[in-house]
1. Would you calculate the separation in nanometres between label points at TYR89 and VAL49, each defined as 7 Å from the Cα along the Cα-to-beta-carbon direction?
2. Any idea how far apart LEU33 and LEU76 come out in nm if each label point goes 7 Å out from Cα toward Cβ?
3. Tally Lys/Arg at +1 and Asp/Glu at -1 over every other residue whose Cβ is under 9 Å from the Cβ of PHE187; what's the total?
4. Just from the alpha-carbon atoms, what are the Rg and Dmax of the stretch 14-183 in angstroms?
5. What 222 nm value per residue comes from the helices of the chain, counting each DSSP H run with n ≥ 4 as -39,500 (n - 2.57) and dividing by all residues, nearest 500 deg cm²/dmol?
6. Which ordering of LEU163, LEU119 is given by a fewest-first count of other beta-carbon atoms within 10 Å?
7. Summarise the long-distance tail of P(r) for the stretch 28-69 by giving the % of C-alpha pairs beyond 11 Å.
8. Can you figure out the FRET efficiency of ALA56 with GLN182, using R₀ = 30 Å and their beta-carbon distance, to the nearest 0.05?
Amino acid sequence: MVCGPLSVYAGGRVNVGTNQITANFLLFQAGWLVCVVGGATPWYWVGPVMVIAILALHLRQASWPLKELKLVAVALLVGTFWDSLLVAYEVLDYHYGTIGSRLAPAWIIAMWALFATTLNVSLRWLRGRWFIAAGLGALGGPLAYYAGTRLGAVTMPDQTQALLALAMGWALIMPLLLRLAQRFDGFFPERAYPAPAPR
């Protein structure tokens, strides 16, 4: 999902380079897998613990960790609302880690924090490419949840309805979160430094 290398120089050092993009992408994939596989078992809590560790590393690497933390908080609110809505309307049915009958499980909520760590790093290339972001959300969102069904972490009582709902929701959520990531960019805020004086 990374479209070419991205290297941003800020504060005297390279904040987002190719190695960091690769590490960010791989950590997300590893965290996603642990959350989903754990979500299919009574060991569902292992995923959130791993997410906390990845998040701590992410905030340590950020030049403005508070901004990244705000982005994570917003993503958690959006994700908790969205996934809980799907649970409440019985579009999705999770097997372990549920907090209540109408709330998404803890491990899926943790994955929203994990996803937020990619927005200003490995998914940064999507900024300004809102239609591409919407398309990737409409495709990638349902595929991720479908993979979750194959791993036994979630059930779709009506698969067609669920995939359509997920596609529509993620087509909006992806560009929304990327736009919010521009506001809460802890790696290289667009207005962090004054524009260079004309020569």
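Laboratory data are not the source of any read-out in this text; all were calculated from the coordinates shown. Just so you know, these numbers come straight off a predicted model, no measurement behind them. Note: ideal-geometry Cβ built from the backbone for every residue, glycine included; neighbour counts use all protein chains shown.
1. Going from the TYR89 label point to the VAL49 one covers 3.6 nm.
2. 2.6
3. That sum, taken over residues with Cβ under 9 Å, equals 0.
4. In Å, with Rg to one decimal and Dmax whole: 15.3, 47.
5. -20500 deg cm²/dmol
6. Fewest-to-most ranking of LEU163, LEU119: LEU163, LEU119.
7. Here the long-distance tail beyond 11 Å is 63 percent of all Cα pairs in the stretch 28-69.
8. Once rounded, the FRET efficiency stands at 0.80.
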